[in-house]
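Trainee: Structure incoming, see below.
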Amino acid sequence: MIRRLRFGIVAVVSSLLLTACIFDEFDIVENAEEKMGFEFSTEFRHYVGNYFDYDKWINWYLSEDELYQLAREFDSEHLLLNVDKILDIKAELIDMVGTEDPYVYGGNVHISANKFFLDIVNPNNPTQVDQYTWNYDRWFYNPGRWTVEPVKLDQDEDPMDDAYPLSEIKFETIETLVGYSNYIVQENGEWREFDNMGSVVGMSSVMTMVHPITGEIIYSVTVHGVRSDQSFYYDQNGQPTDW
């Protein structure tokens, strides 16, 4: 009797271990891609993977309904698709820095699906620069988590020589850039049912920089495609420009 009981316990444990081995993050994501018929972006794969990591009891392949729900949630949190969220992050940054109009070193602001980072000239010591990074993850960093790290500069470098006021960067222009990206993806015949703003198709990020001749802010954008990527530059009015 005891032997049979032990055998039964071992069988149950073995079955659970086998299930855990079968249904891991990679299997679930790959099955989901096969089900939808297209490759997910790195950003959406990460999102689905974190969903799996958060709920360790998931031991089934995701249904199409579950995938569509995750895609809607992903889009609702995607920074490039929600400029209001970017403006909220900007307001948080101003509070953290402690000045109404921080100066951005090099005019460079990087924004992707769930990350916002830039280098800020220290208002209390303009010879120093710090990198401010905002990360968001629905299950692990909610609300978004800030980190601040010092930036190493060249000797005798004056950060203010290449700085740009944060207040003069028009983040609202990103809405126009998203429209351009969507148009290009559709024209290329690569539009999918979801996940059109990432590393496979569409824009995965936007970066601002100071134009070397005009001294104005421009936006650098790469629109990814299945067959090729295309790079563009736009001014603050969303009009194409040259670098």
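Trainee: With +1 on each Lys and Arg Cβ and -1 on each Asp and Glu Cβ, and nothing else charged, work out how big the dipole of the chain is about its Cα centre, in Debye to the nearest 20.
Mentor: 1440
Trainee: Right, here's the next one. Can you give the FRET efficiency for Glu25 and Tyr68, using 1/(1 + (r/R0)^6), R0 = 22 Å, r = Cβ-Cβ distance, to the nearest 0.05?
Mentor: On the way: r = 19 Å, r/R0 = 0.88.
The pair Glu25/Tyr68 has a calculated efficiency of 0.70.
Trainee: Can I ask one more? Pop the C-beta distance of Glu172 and Gln131 into the FRET formula with R0 = 25 Å and round what comes out to the nearest 0.05.
Mentor: 0.55
Trainee: Per residue, how large is the accessible surface of the range 139-236? Use a 1.4 angstrom probe and give square angstrom.
Mentor: I get 56 Å² per residue for this part.
Trainee: Got a sec? Charge dipole of the chain, +1 on Cβ for Lys and Arg, -1 for Asp and Glu; which of Ala113, Tyr51, Tyr61 is way out at the positive end?
Mentor: It is Tyr61, whose Cα lies furthest towards the positive end.
Trainee: Let me ask another. How tilted is helix 2-22 with respect to the longest principal axis of the chain? Cα atoms for both, answer in degrees (0 to 90, nearest 10).
Mentor: Its long axis makes an angle of about 30 degrees.
Trainee: Assuming R0 = 51 Å, what is the FRET efficiency of Asn124 and Asp235, from their Cβ-Cβ distance, to the nearest 0.05?
Mentor: 0.95
Trainee: Quick one: dipole size for the range 99-243, taken about the Cα centre, charges +1 on Lys/Arg Cβ and -1 on Asp/Glu Cβ, in debye to the nearest 20.
Mentor: 680
Trainee: If I take every Cα pair under 8 Å that is 6 or more residues apart in the chain, average their sequence separation and divide by the length, what percent do I get for the relative contact order?
Mentor: The value is 16 percent.
Trainee: Measure off, as a whole percent, the carbon and sulfur share of the 1.4 Å-probe accessible area of the range 103-243, all protein chains present.
Mentor: Here it works out to 43 percent.
Trainee: Right, another one. Remind me, relative contact order of the range 103-243 in percent, using alpha carbon pairs under 8 angstrom and six or more residues apart?
Mentor: Relative contact order comes out at 21 percent.
Trainee: Continuing with the same structure: Relative to the first principal axis of the alpha-carbon coordinates of the chain, what is the inclination of helix 64-77, with its axis defined by its Cα atoms, in degrees from 0 to 90 and to the nearest 10?
Mentor: So the inclination is approximately 20 degrees.
Trainee: To continue, here is another question. Rolling a 1.4 angstrom probe over the protein chains, ignoring ligands and nucleic acids, what is the accessible area of Ser220 in square angstrom, nearest 10?
Mentor: The accessible area of Ser220 comes to roughly 30 Å².
Trainee: Also, I was wondering about something else. Return one quarter of the surface area of the convex hull spanned by the alpha-carbon atoms of the range 79-159, equal to its mean projected area, in nm².
Mentor: Details: hull surface 22.1 nm².
Mean projected area for the range 79-159: 5.5 nm², to one decimal.
Trainee: Relative contact order (percent) for the range 71-178, with alpha-carbon contacts under 8 angstrom and 6 or more residues of separation?
Mentor: Relative contact order for the range 71-178 comes out at 28 percent.
Trainee: Eight or more residues apart or on different chains, and alpha-carbon atoms under 30 Å: count the Lys pairs in the chain matching that.
Mentor: 13
Trainee: Moving on to the next point. What spacing in nm lies between the two simple spin-label points modelled at Arg145 and Trp60, each 7 Å away from Cα in the Cβ direction?
Mentor: 3.1
Trainee: Still on this model: What does the charge count around Gly225 come to, taking other residues whose C-beta lies under 15 Å from its C-beta (Lys +1, Arg +1, Asp -1, Glu -1)?
Mentor: In short, -3.
Trainee: Could you rank the peptides 189-198, 41-50 by their average count of other C-beta atoms within 10 Å per residue, with the highest value first? Don't skip to the end; give the middle numbers.
Mentor: Numbers: 189-198: 18.3, 41-50: 20.0.
Peptide ranking by packing, descending: 41-50, 189-198.
Trainee: Another question, then. Tell me the angle of helix 25-36 to the major Cα principal axis of the chain, expressed in degrees between 0 and 90 and rounded to the nearest ten.
Mentor: 80
The values are calculated or read from the model by the stated rules, or taken from the named source; none is laboratory data. None of the values given here were measured: they were computed from a predicted structure. All Cβ positions, even for glycine, are placed from backbone atoms using ideal geometry, and neighbour counts span all protein chains on display. Side chains included, ligands, DNA and RNA excluded: accessible areas come from the protein's heavy atoms. Shrake-Rupley method; radii C 1.70, N 1.55, O 1.52, S 1.80 Å.
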